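Asker: Below: one structure in structure tokens.
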């Protein structure tokens with residue numbers, strides 16, 4: 001998926017926001033910059049629900065950031081705005097990459113086409129100049145080398161999630177967006193996939209932003225945790241982790257968990 005690296009949407013006089021097609025950035029941007037001043041939805045009775053208000057944060061080049069916030073606060077709405085699927089908001093978004101940013105996305109459901117094989121699903125997402133790219137290393141890294149000819153109905157949920165990750169990374173994205181990609185998996189499978197994702201991302205780093213409810217997952221994966229409030233959602237603060245991931249053993253992660261809870265006392269998170 002290719003989207004303009006910078007876009008802005010401005011409010012009309014009503015409570016419903018109408019976008020202007022403004023592609024402002026020429027050249028390359030290294031960072032993701034999010035400045036969502038306001039995002040609201042209309043209710044069936046004609047009122048409005050304000051979901052996002054003054055939501056501002058940045059993610060550095062090739063940085064892996066996690067967004068942590070309570071259920072229903074608007075995390076998925078934010079991702080839809082970043083993906084360009086929702087343009088009715090007030091504010092601006094700058095995407096990493098050139099004028100047209102290539103975006104890889106992994107959702108809670110794998111969203112694989114059932115009539116195509118794993119390899120066909122992955123290749124379908126490739127831009128023209130990458131159509132003949134070898135996928136051998138990517139499939140091997142994700143444990144899919146023997147499954148590339150399988151159809152989605154022949155895969156477990158864990159394997160289907162691996163295929164979805166492969167599809168997102170095969171396009172060599174400027175930014176990788178993940179919406180709770182390990183939700184509903186058993187603990188062992190989820191942890192295995194976290195390690196696989198981290199390994200593949202480390203081999204081909206790109207700016208990444210992942211929504212999660214799981215604090216331990218965020219501490220394991222991220223360079224920065226962006227902590228969100230209840231609605232209308234804004235940033236309560238960030239928790240930066242500069243320690244290399246290969247030093248994050250069980251004791252270090254426990255110390256980071258304690259430090260996070262001291263900084264954000266009263267914030268409810270999953271284990």
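Asker: Those residues that are touching a helix residue (DSSP H, G or I) at 6+ places or on another chain (Cβ under 7 Å), assigned to a strand (DSSP E or B) and within 22 Å of residue 257 (Cα to Cα), I need them from the stretch 56-96; list them, please.
Answerer: Initially, the stretch 56-96 is screened for residues touching a helix residue (DSSP H, G or I) at 6+ places or on another chain (Cβ under 7 Å), giving 64, 66-69, 86, 89, 93.
Then keep just the ones that are assigned to a strand (DSSP E or B); that gives 64, 66-68, 93.
Within the stretch 56-96, 64, 66, 67, 68 meet the criteria.
Asker: I want to confirm something. Restricting to the stretch 184-201 and keeping residues that are surrounded by fewer than 15 Cβ atoms within 10 Å (Cβ to Cβ) and out of contact with any helix residue (DSSP H, G or I) (no Cβ under 8 Å at 6 or more places or on another chain), which single residue is nearest to residue 93 (Cα to Cα)?
Answerer: Residue satisfying both the conditions and the ranking: 195.
Asker: Related question: Please pick out the residue among 69, 46, 60 that is surrounded by fewer than 17 Cβ atoms within 10 Å (Cβ to Cβ) and under 20 Å from the mean Cα position of the chain (by Cα).
Answerer: Every option except 60 fails the conditions.
Asker: When residue 230 is evaluated against the numbered criteria (1) surrounded by fewer than 21 Cβ atoms within 10 Å (Cβ to Cβ); (2) part of a loop (DSSP other than H, G, I, E, B); (3) in contact with a helix residue (DSSP H, G or I) (Cβ under 9 Å, 6 or more places away or on another chain), which criterion, by number, is the only one it fails?
Answerer: (3)
Asker: So which residues in the stretch 217-227 are surrounded by fewer than 20 Cβ atoms within 10 Å (Cβ to Cβ) and closer than 25 Å to residue 77 by Cβ, if there are any at all? Explain how you work it out, then say what you get.
Answerer: Kept after step one, since they are surrounded by fewer than 20 Cβ atoms within 10 Å (Cβ to Cβ), are these residues of the stretch 217-227: 220, 223.
Passing the criteria: only 223.
Asker: Where residues in the stretch 177-200 are closer than 10 Å to residue 165 by Cα and either in a strand (DSSP E or B) or touching a strand residue (DSSP E or B) at 6+ places or on another chain (Cβ under 6 Å) (or both), which of them is modelled with the lowest pLDDT?
Answerer: Let us first name the residues in the stretch 177-200 that are closer than 10 Å to residue 165 by Cα, namely 178, 181, 193, 196-197, 200.
From what's left, either in a strand (DSSP E or B) or touching a strand residue (DSSP E or B) at 6+ places or on another chain (Cβ under 6 Å) (or both): 178, 181.
Working: 178: 95, 181: 91.
This residue is 181.
Asker: Still on this structure: Could you list, ordered by first residue, the pairs with Cβ atoms under 7 Å in which the first is in the stretch 135-153 and within 17 Å of residue 114 (Cβ to Cβ) and the second is modelled with pLDDT of 95 or more and surrounded by fewer than 14 Cβ atoms within 10 Å (Cβ to Cβ), at least 6 apart or interchain?
Answerer: 151/114; 152/114; 153/114
Asker: Which residue pairs have Cβ atoms under 9 Å apart, sit 6 or more places apart or on different chains, and have a first residue in the stretch 178-202 that is at positive phi and in contact (Cβ under 8 Å) with a residue 60 or more places away in the chain and a second that is part of a strand (DSSP E or B) and surrounded by 14 or more Cβ atoms within 10 Å (Cβ to Cβ)?
Answerer: 180/210; 180/211; 180/212; 180/214
Asker: Further question on the same structure: In this structure, is residue 116 without any contact (Cβ under 8 Å) to a residue 60 or more places away in the chain and assigned to a helix (DSSP H, G or I)?
Answerer: When the stated conditions are applied, residue 116 does not pass them.
The values are calculated or read from the model by the stated rules, or taken from the named source; none is laboratory data. These numbers were taken from a predicted model, which means no experiment stands behind them. Methodologically, a virtual Cβ is constructed for each residue, glycine included, from the backbone with ideal geometry; neighbour enumeration extends over all protein chains shown.
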